Amino acid sequence: MDNCLLQMKNIEKDYGGHKVLKGVDLSLKAGEIHCLLGENGAGKSTLMNILFGMEVIHSTGGYSGEILIDGKPVKITSPKEAMKANIGMVHQEFMLIPSFTITENIKLNREVTKHNPVSKVLGERLKTIDTKTMNADARRALDKLEINIEEYAEVAGLPVGHMQFVEIAREIDKTGLEILVFDEPTAVLTESEADNLLATMKKLAAEGIAILFITHRLDEVMEVSDEVTILRDGELVACKKTSDTSVEEIAELMVGRKVELNQKEKSSSEGDRKVLMDLKNLHVNMPGELVKGIDLSIYEGEILGIGGLAGQGKIGIANGVMGMYPTTGEISYNGETAPLNDTLEMLKKDVAFVSEDRRGVGLILDESIALNTVFTALKVKEKFIRNFKLFKMQDGKAITSHAEKMIKDFDIRCTGPFQNAGRLSGGNQQKVCIARALTQEPRILFISEPTRGIDIGAKKLVLDVLVRLNKELGMTIVITSSELAELRTISDRIAIVAEGKVAGILPPDASDAKYGLLMSGISDDPGKEEK
Amino acid sequence: MKDLIMNKIGLPRLIITSLFLGVFFLGAALGLPVAQQITDIIKRMGMYGILVLAMVPSIQSGTGPNFALPIGIITGLLGIVISLEIGMTGFSGLVGAVLISLPFAVIVGYFYGRLLNVVKGAEMTIATYTGFAAVSAMCIFWIILPFQSGTMKWPLGKGLRNTFPLDNSYGLILNDFLAFEIFGVHIPTGLLLTFFGACFLVYLFTKSKVGTETLAGGMNPNFAKASGVNIDRNRIVANILSTVLGAVGIIVYSQSFGFVQLYLAPLMMAFPAVASILIGGATAQRAKVSHVIIGVTLFQGLLAVALPVANEVFPEGNLSEIIRMVVQNGIILYALTKVNSNGK
Amino acid sequence: MENKIKPQLRLQEKKDIKEILRQNIVVIIFTVLTVIGVILSDLPFHFMVRELVSRIGRNSFLVLSLIIPILAGVGLNFGIVVGAMAGQLGLIMVTYWGITGIPGILLTVLIATPVAVVLGWQTGVLFNKTKGQEMIAGLIVGYFANGLYQFVFLFLVGTLIPMKPGTPMVKPDGIGLRNTISLGSKHGEGMKYALDYVLQVNVWQLLIAAALALIAFKIIRNRKRGFKTPVASLIPNMILVVVSLVILLVPTFRMLANIKAPVVTWLLIVGLCLFNILIMKTKLGQDFKAIGRSQHIASVAGINVDQTRIIAVILSTVFASWGQIIFLQNIGTMNTYGSHMQVGMFSIAAILIGGASVTKANIWQALVGVILFHSVFIVSPTAGKVLFGDAQIGEFFRSFVVYGVIGVSLGLHAWKAATAKKKEETEE
């Protein structure tokens, strides 16, 4: 393969001992569209960060392996160098200044300037902006994309699809662009806008630009790409010609069975299940995790897993139920209609919530384990309170003894109940979060990403705790996780969320391909439950 | 070990403590009466203490140091002026002033809290200018309000005096209550009891249910929200309390000073109070009652000893005033640089 | 987000009167206030105009020094107080050496500028460390620097810094400077009017000349670009010419007609206006604009945000130091420990009254602001006296206006930012 434009060979990277890329190869030919696929955490972003010389790579010890461009080894240590190596990127979130014109955005920090008498003395930065030439350049780039918008219009009023094209125009305006990376570009677009974009990608490829396309929409992959590379857990799983493979195969390769963990035995018999909570047409406006109409029934006493790729809305469900983000739709709980957007009311109804954002929402880092543990119960149930009629005081003794009990029960490794939560390790922090939820004595527990960022031993402990609560106390648990493997270990049923909706509900032992397809949003019959 | 000390105490506090001790011993070496110096330190601590205490609820609620302290001070001054106008003296006068100022403080504190909820993220700046504007608006009222009492009015012309004595009403009444001398040090028992009593009440507040919720809301709004806390309401409650403490603080201050100062006197009073609590170890996001006691002792203590010492070394000019400006504003700047780095 | 943003045609939007009123509400309120004040105060009109002309020359430069940091997203630079101190430092030294006139001014600038650069740089570094809190940091920086300033001029002067004993500006005991330093009582003596009196021209003649020059400039520029100049765009200038002519020629306005303007000072102000416009047409100006709109996006695009912010603050500080020199040469007496302290708040209040905000400002807002703010200043004591029988009330009202307008403007900014954030969260 000597006609390769870009080759990345045997790339390895670890973050503090944790290997996130394990010898990945990637090669890209001029004029091809190459799809990079994988679940969250498979290593796609890390690979791209390496390609772009991002700060985060080099501040954490760099990477090993080789990058070749046009057959010559290069070392890219900053985004600037990536730009010099003719690599461009269209970001998922737009890097556009709304009140600037299209031209100004396309030329941001690459303005065309000309000398004036002052700049000759005082330096480059005082050169005059050459608006005329800049507009002409911008026009040329827009024309190439066949976009009919005025280059002097402000970006602020443009539809999202056009903003995306401004981003692309900026990249192709860079002279000599050879490689263009699209990072989930269609995620924010409407269908017709996405079609436009795909057509443009083909056009650019036809002009000889190599395109690296990151997406989770498998139908798009099949439609435009020449080759696909699939990563899983930091490893290269496959690199195939698109024509040699199928959606099913790709889906299966993406998911894969990671670790064989002991399957949990079925807890309740199927027939006499009682619906504890019913979500109807739930919309949650959580930025980055929009929920766009979920219908889901949660049965009493079950462990329901919610899976799906990042940004698809699975995280939004629990947050919406708890009223953390603006929510519409209908929630019925225990046969009654539950209030929307009212966290306190939900908590009072014995619904507990452990947030996915442990450090941001789950804990007060600068406060003691004790306060963190009792706070919700103190607020909602007025436990640990001494009531003096006129005012209510904390019951310090009760708080301490309860915290000590929790520390013992959950084996929280700490110096005592008054240690600050921020000082604990991730796993122990998670236990404090769970302890807080349990102190509330809930009937149903929403727990999101319970094992994110904690080590493998602690992971098992946390999951064991959940299973124990479910079995011994009969607590209903709704666990949301990006790790399909762990969902399959402990859940009775798993709902896969894609594009803000339930794509399907699967039993834990369904095939990898089925999971993979649902995660890509491909379902023949949404809502239908597989038995 | 060195790192531990630095982290635990913090560089600014270390510098100010050494400065304080240095000046203190320099004064002793220069032959200034040590007992007198200690007397001054204690008196100033008690005088300024409650004003500094007003910072605790506002910081704990997450609105940052109460730079709008002048608002509370004005309501306190209003309480004094009205109590004198209706001829109250002695202890009942003092209590009367507090009681009269309370409704004013609660009402303006409420609206001030509402205001802060609207301008989240810029509380400190807005608070400063709200305080300034309130002081200058009140200046107009000191002139036009129809007070008649002879001690307070200008003999000629309109309005209240800039400064008037409290010696015929309740000046020094707390300072002299159960006061005694030990080794030549004058102990203003009543003043100290009032200060520590107020400290204890604020401590109780922080340990109450509302106080706990307020603290959680200030430390991590998202955490509090997830537990169903009404953060905005608690911020208002905390700022009402802070405003009330400002009112009580200026009444205690004035009786201790022996004079009431109106017009522009409250304008800059927030800054030394903010600086004190910061010196005590608080940050713009975190404060405890202990920070108040440590901070007011260190900062006012430093100023109390610096004054005679500076006069001894530099008979001309006001060196202690310069020390106050540099230390006070330096520590506030230092705290501001920490606002962002704390992961906000 | 998808689907919801409708394509908007960016045609020439017709602004209705309501919208225009809403956008200029501050200016309108203060115009009304000024008119009321003028009517109430009953001051002779020519006195007010004379006073205003001298205040425009005195204060405009300082107010204009605020524009660049606003555009660069640093906000209202309360730190210009520090620049003013640098200017005073220069003035003190030059006065001490007894250098007068233009050489004196030049030397003052020569001393003040490097000091202002260093102080501005330090202030900029501090602003970078206190992002989001720049405005209160700037205020406190002023107080902090004032402590150091007092230390230098009250204690080091005459001790570490030797001064000839018996110099009038030094206190009788030889340590520290006096509270007020005279820069001379009339032109030619010391620095008083060193700039203002280089060339004094009748203000109306000057206005006529300027207006005519502007008209000529517009016509020539448009002809170069190849289109005719619409007469309507020249009307304001023509009105100015006509009004000036009337004042000059009608005997009723005799008292008004002989007011003179300091040409050199005004030219410097025009120069700074031009600088503010031209700098925005350079790469540096484009960077100011970019970091002013979004620090994040600008830095992703490779702009050194922190460095650019520091440059903005340095420029502002240097201009403020020059502005303070212009201010004091007009006043003639320096309040050693006080002249600089009000500079920040008064200038900021002025630019806000002119219609600027924390994120938007231009030279017209600065100039209109100076005129309105100082009109209120001139009339409020007498208006207070007439209204309440007490001139003090007018003065307190004045400072209430200063604090109030800053507070309200900052509050509106924070409120808008907060609601925009909320809107972003709820609108998808």
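No value in this document is a laboratory result; all are computed from the given coordinates. Computed from a prediction, not measured in an experiment: that's the story for all the values here. Positions of Cβ are backbone-derived with ideal geometry, glycine not excepted, and every protein chain shown enters the neighbour counts.
Can you pull out the chymotrypsin sites (Phe, Trp or Tyr not before Pro) in region C:130-237 whose DSSP state is coil and whose Cβ has at most 15 other Cβ atoms within 10 Å?
C:F227
Return the inverse of the average 1/r over all pairs of distinct C-alpha atoms in region A:167-254, which is the Kirkwood hydrodynamic radius, in Å to one decimal.
Final number for the Kirkwood radius of region A:167-254 is 14.0 Å.
In peptide B:157-170, how many Cβ atoms from other protein chains are near each Cβ within 10 Å, on average?
Rounded to a whole number, the mean comes out at 1.
Picking from B:I38, B:I80, B:I293, which is most flexible by a Gaussian network model of chain B using Cα springs under 10 Å?
Residue with maximal mean-square fluctuation among B:I38, B:I80, B:I293: B:I38.
Convert each backbone phi in region A:45-62 into a coupling constant with the Karplus relation 6.51 cos²θ - 1.76 cosθ + 1.60 (shift: θ = phi - 60°), then list the ³J(HN,Hα) values in order as whole Hz, x for Gly and Pro.
5, 4, 4, 5, 4, 5, 4, 9, x, 5, 3, 4, 6, 7, 7, 10, x, x
Please compute, for peptide C:289-302, the average count of beta-carbon atoms on other protein chains lying within 10 Å of each residue's beta-carbon.
What the average comes to for C:289-302 is 5.
Principal axes first, then extents: for the Cα atoms of region A:90-226, list largest minus smallest coordinate on each axis, whole Å, largest first.
57, 31, 22
On a 0 to 90 degree scale, rounded to 10, what angle separates helix A:369-380 from the longest Cα axis of chain A?
70 degrees
Assuming a viscosity of 0.890 mPa s and a temperature of 25 °C, what translational diffusion coefficient in µm² per second does Stokes-Einstein assign to region B:34-336, Rh being the Kirkwood radius over Cα pairs?
125 µm²/s
Which order do the peptides A:436-442, C:269-275, B:49-55 take when ranked by the mean count of other beta-carbon atoms within 10 Å per residue, highest first?
In descending order of packing, they fall as B:49-55, A:436-442, C:269-275.
Report, in order of residue number, the helices in chain C meeting two criteria: a C-alpha extent of 20 Å or more along the helix axis, and a mean Kyte-Doolittle hydropathy of at least 1.0; treat each whole DSSP H run as one helix.
Going by DSSP H runs, the hits are C:25-41, C:80-97, C:101-129, C:235-249, C:263-279, C:305-331, C:363-388.
Which trypsin sites (Lys or Arg not before Pro) from region C:163-199 combine a DSSP loop assignment with at most 12 other Cβ atoms within 10 Å?
Sparse-neighbourhood loop trypsin sites (Lys or Arg not before Pro): C:K186.
When only alpha-carbon atoms count, how far does region B:103-257 stretch along each of its three principal axes, as whole angstroms with the largest first?
58, 47, 24
When the Cα atoms of region B:166-266 are enclosed in a convex hull and the volume is divided per residue, what value in Å³ results?
Each residue corresponds to 140 Å³ of Cα convex hull volume.
Which of the aspartates and glutamates could a cross-linker bridge to C:K260, judged by Cα under 17 Å and excluding same-chain residues fewer than eight apart?
Here the aspartates and glutamates satisfying the reach criterion relative to C:K260 are C:E51, C:D196.
Out of residues 5 or more away from A:G329 or on other chains, whose amide H comes under 5 Å of its own, with H placed 1.01 Å from N in the peptide plane?
A:H283
With N denoting the number of residues in the protein assembly as shown, provide Rg(C-alpha) divided by 2.2 N^0.38 Å, to two decimal places.
Cα-based Rg divided by the globular estimate yields 1.05.
Pairs B:K120/C:K283; A:K379/C:K131; A:K280/A:K460; A:K132/C:K228: which are spaced more than 30 Å apart, C-alpha to C-alpha?
B:K120/C:K283; A:K379/C:K131; A:K280/A:K460
A 32 angstrom limit on the alpha carbon distance is what I want to check against. Which of A:K44/A:K471; A:K19/A:K72; A:K22/A:K514; B:K338/C:K421; A:K174/B:K338; A:K75/A:K240 exceed it?
Listed pairs above 32 Å: A:K44/A:K471; A:K174/B:K338.
Ranking request for peptides B:237-248, C:120-131: highest mean number of other beta-carbon atoms within 10 Å first, then the rest in descending order.
Taking the mean over residues of other Cβ atoms within 10 Å, the ranking is B:237-248, C:120-131.
Ratio to report: Rg/Rh of chain C, with Cα atoms as the point set and Rh obtained by the Kirkwood method; give two decimals.
Reported Rg/Rh (Cα atoms, Kirkwood Rh): 0.99.
Have a look at C:L91, C:L367, C:L207 and tell me which one the Gaussian network model of chain C (Cα, springs below 10 Å) gives the largest fluctuation.
C:L207
Can you tell me the equivalent ellipsoid semi-axes for region C:116-198? Use √(5λ) from the Cα gyration tensor, largest first, whole Å.
Value: 32, 20, 10 Å, ordered largest first.
Taking amide H atoms as placed 1.01 Å from N in the peptide plane, list the residues 5 or more away in sequence, or in a different chain, whose amide H sits under 5 Å from that of A:A503.
Amide H to amide H, under 5 Å and 5 or more residues apart or across chains, A:A503 pairs with A:I496, A:V497, A:A498.
Sort A:196-205, C:282-291 for me by packing, meaning the mean count of neighbouring Cβ atoms within 10 Å per residue, highest on top.
C:282-291, A:196-205
Whole-Hz Karplus ³J(HN,Hα) for region A:479-485, in order, using 6.51 cos²θ - 1.76 cosθ + 1.60 and θ = phi - 60°, x for Gly and Pro?
10, 9, 8, 7, 9, 4, 4
Averaged across A:359-365, how many Cβ atoms of other chains sit within 10 Å of each residue's Cβ atom?
5
Most mobile of C:M280, C:M334, C:M85 per a Gaussian network model of chain C (Cα springs, under 10 Å)?
C:M280
Sorted from largest to smallest, which semi-axis lengths in Å does the alpha carbon gyration tensor of chain A give for its equivalent ellipsoid, taking the root of 5 times each eigenvalue?
For chain A, the semi-axes come out at 46, 28, 24 Å.
Using the Kirkwood formula on the Cα atoms of region A:10-128, what hydrodynamic radius do you get, in angstrom to one decimal?
One decimal place: 17.2 Å for the Kirkwood radius.
In Å, what Rg and Dmax follow from the Cα atoms of region C:193-256?
Final numbers for Rg and Dmax: 15.2, 45 Å.
Applying the Karplus parametrisation 6.51 cos²θ - 1.76 cosθ + 1.60 with θ = phi - 60° to the phi angles of region B:102-116, what ³J(HN,Hα) value in whole Hz is obtained for each residue in order, glycine and proline being reported as x?
Computed from phi, the couplings for region B:102-116 are 3, x, 4, 4, 5, 5, 5, x, 4, 5, 5, x, 4, 4, 4 Hz.
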